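Input: a single structure, listed below in structure tokens.
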Amino acid sequence: MATGAAPASPRGRRLVGRVALLGAVVFLAVPASALASQRFASPNGAGTACSSAHPCRITTAINNAGAGDEVILAPGNYGSPASRIATSLSNGSANLNIHGVAGRPRPQIFSSGDFPLSVYGSGDIVRHIAIDGSGSANSGSLNVIGNGDLAEDFVAYASAQRGCQANHTATLRDGVCRSSSGAGVLCSTVLAPTPGVTLRNMTILSSNGRAIDVESATSRPVTVTAINTIARGGGGASDLYVLSGENANATLNVSHDNFATESTEVQASTSGQATIADDGTSQSASPLLASPAAGDVHELFGSPTINAGRTSPANGAFDVYGNPRTVGTATDIGAAEFNPSNAFSFGKVTLHRHKRTATLAVKVPGRGTLVAFAKGIKRTQKTVAARGSVKLPVIPKGKLAKRLKKNGKASVTVKVTYTPTDGNPRTEHKKITLEAAKSKRH
């Protein structure tokens, strides 16, 4: 991989900012309730009942939740770009489960708070949520910093902060962390011990900063593992950056990732090491994404990330858009899975009575392969180069051909399978009645 220099801010300023952040997180902690319960929030919620019949505000639902509580956010906008939620959403209770409604659009949080959404108890889960943070604090739009915490199926964007922060043994999976001015993801032991953060099938982007920023400090080592992850920085900053500070090692393990530049730094007068360990399975060619600057990270046809990841149950069942996590021969790199449509339809059937054959028109959405087969007809396969109508010959053989010649008619149910390039196959059936031309009598 190519190496690029990454601008580094003064170390002292980092320490002051992050120590202040830690104090703020502790200050925002709310005592956990004794009994686990379900808490419902809606964009127009009010009161403190937080029930399904009487949902409350999102700040009440999240900040007052206790250990083991499930916080269910109804679809819709919480705040708006013009009127953002100023109160930080933060909770340190263990085993929280904060999520949107499965099968419905993600709830969208617009925040100007220092911590748009922060969980730091052990075993917490954040799922199916979108966050847009504009606060200026030294934090992330999504902060997942507890032991065993999991965030998946999420989109976090920060205009003036980091996209995400992760610590302890947290896992970020099948999500998007994006920033306009800071790191896409920061994992730093200034905030908390970080023995093993995992970034799996993530798309991590920054317009003017590093994509993945790993930093050790206060004699606490940090280890981060990135798998099947797209990491792209901007503004001259490296895609991957690892800093060893204050006599502590910092390690970033990369496997089946997509990035182009990397840099390491060891703080002066320290004995630690900064390491980026690549197992040789990563790639550097630019990913082809629909509109990453606008947050649309759908892969486009021909992206090098398609089928280039490591397939594993640990990747989760679905991508960030709700598609199957693996489509094609292998899991893709990044939060999205290339999932071309396999829907097709049948068009006109044209009979060729003198030849005792037929032609079946099939309308397909894009490039791929069409196969027509059935007992009694010759198997036909065609490569499709573009969207449109494809004609498949139906040619009888064996007993079907003899029956057609004898009776003048014969029916067959043709199976047609369309497999889009890098997609999953689909099979449909079409019954066709073949006819033979009537013989002339003299």
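For the chain, find the longest principal axis of its Cα atoms and tell me its angle to the long axis of helix 11-28, 0 to 90°, nearest 10.
Approximately 80 degrees, to the nearest ten.
Hey, fewest Cβ within 10 Å first, where do 60, 261, 218 land in order?
Taking fewest neighbouring Cβ atoms as first place, the list is 218, 60, 261.
Rounded to the nearest 5, what % of the DSSP beta bridges within the chain are antiparallel ones?
Beta bridges within the chain, antiparallel portion: roughly 30 percent.
For a quick check, take a GNM of the chain with Cα springs below 10 Å and name the residue from 219, 180, 118 with the largest mean-square fluctuation.
It is 219.
Take the residue pairs 397/438; 363/430; 363/438; 355/378 and return only those whose Cα atoms are more than 22 Å apart.
363/438
Against the longest alpha carbon principal axis of the chain, how many degrees, from 0 to 90 and to the nearest 10, is the axis of helix 398-407 turned?
Roughly 50 degrees between the two axes.
Mind listing the long-range amide H neighbours of residue 88? Cut-off is under 5 Å, sequence gap 5 or more, other chains count too, H placed in the peptide plane at 1.01 Å from N.
114, 115
Just add up the charged neighbours of residue 419: K/R +1, D/E -1, any other residue whose Cβ is under 11 Å from the Cβ of residue 419.
+1
For a footprinting-style exposure proxy, rank 241, 78 by other Cβ within 10 Å, fewest first.
Ordered from fewest to most neighbouring Cβ atoms within 10 Å, 241, 78 come out as 78, 241.
With contacts defined as alpha carbon pairs under 8 Å and 6 or more residues apart, what's the relative contact order of the stretch 345-435 in percent?
Value for the stretch 345-435: 30 percent.
Fewest to most neighbouring Cβ within 10 Å: what's the order for 300, 117, 351?
Result, fewest neighbours first: 300, 351, 117.
If you check each cysteine of the chain for another cysteine whose beta-carbon is under 4.7 Å away, which ones come up empty?
Flagged as lacking a Cys partner: 187.
Rounded, prolate or oblate: which fits the stretch 84-240 when a ≥ b ≥ c are the square roots of the eigenvalues of the alpha-carbon gyration tensor, with rounded for a/c under 1.5 and prolate only if a/b beats b/c?
Rounded, since a/c falls under 1.5.
If you work out Rg and Dmax of the Cα atoms in Å from the coordinates, which of (i) 23.7, 78; (ii) 24.9, 77; (iii) 27.8, 109 do you get?
Recomputing Rg and Dmax of the Cα atoms in Å here gives the entry labelled (iii).
With an 8 Å cut-off on Cα pairs and a minimum separation of 6 or more residues, tell me the relative contact order of the chain in percent.
Value for the chain: 8 percent.
Just so you know, all these numbers are worked out from the coordinates, no wet-lab data involved. Just so we're clear, the structure is a prediction, and the values are computed from it rather than from any experiment. We place every Cβ from the backbone using ideal geometry, glycine too, and count neighbours over all the protein chains shown.
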